[in-house]
Amino acid sequence: MLNINIVLLEPRMPGNVGTIGRLAYATGAVLHLIKPYGFGEITQKEVKRAGLDYWEYLDVREYENIEDFWSKNPLNDRHFFATTKTNKYYFEPKYEDNDYFYFGREDAGLPEELLERNSETCINIPMVNDARSLNIANAVSVVVYDAIRQNINKFD
């Protein structure tokens, strides 16, 4: 079984978290949620509504802040940071079992300092025109399914 880790840093919209939770459940991924959130607690009805009846079966882990997350999931070169601020496309790296995929706040993305310290593992989803970004749930889907495509022999 392929182990994928989806990391949402300070998510703002409960519906997006619920939708990504549903994706995590469908792909067997672990959903890591790093506070502070832009909404109440994770039990908020909008989060669960978007995740439908899967939420109680989802492997979801919450952290007080990024330092708490890294104390339990040490930062290394298998942590990938989705951003519009790099020229390395998401399909260039070779993904492996237990990789981590970070996605930032819907209104601000990942912090600049985090991107600068991890520039070698920043990834971008190509877009045309002057679109600022994709919806976060769509972006997570694109990256997660490419990791599955690359490792389909481990995905059962």
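Rule-based calculations on the coordinates, nothing more; no lab input. Computed from a predicted model, the values in this text were never measured in an experiment. We place every Cβ from the backbone using ideal geometry, glycine too, and count neighbours over all the protein chains shown.
See the values below:
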quantity	calculated
Which of Met1, Met127 has the fewest Cβ neighbours within 10 Å, and the rest in rising order	Met1, Met127
Sequence-distant residues sharing a close amide H with Arg61 (under 5 Å, placed H)	Leu31, His32, Leu33
Theoretical gain in end-to-end length, Phe39 to Tyr89 [0.36 nm per residue, Cα-Cα removed]	14.9 nm
Electrostatic dipole magnitude of the chain [Cβ: Lys, Arg +1; Asp, Glu -1; Cα centre; debye, to 20]	340 debye
Difference of contour (0.36 nm per residue) and Cα-Cα distance, Tyr145 to Trp70	24.6 nm
Computed [θ] at 222 nm, helices only, for the chain once each DSSP H run of length n ≥ 4 contributes -39500 (n - 2.57)	-9000 deg cm²/dmol
Cα-based shape type of the range 64-107, given that a ≥ b ≥ c are square roots of the gyration tensor eigenvalues and the cut on a/c is 1.5	oblate
FRET E, pair Glu96, Arg61, Förster distance 22 Å, beta-carbon r, rounded to 0.05	0.65
Per-peptide average of other Cβ atoms within 10 Å, ordering 106-115, 68-77, 27-36 highest first	27-36, 106-115, 68-77
Mean separation of Cα contacts under 8 Å, 6 or more apart, over the residue count of the chain: relative contact order %	30 percent
Principal semi-axes in Å for the chain [√(5λ), Cα gyration tensor, largest first]	22, 18, 16
Segment Arg117-Asn3, extension gain: residue separation times 0.36 nm, minus the distance between their alpha carbons	38.6 nm
DSSP-loop trypsin sites (Lys or Arg not before Pro) across the range 127-156, with at most 11 other Cβ within 10 angstrom	Arg132
Reach of Lys35 by Cα under 13 Å, taken over aspartates and glutamates that are not fewer than 8 positions away in the same chain	Glu10, Glu62, Glu64, Glu67, Asp68
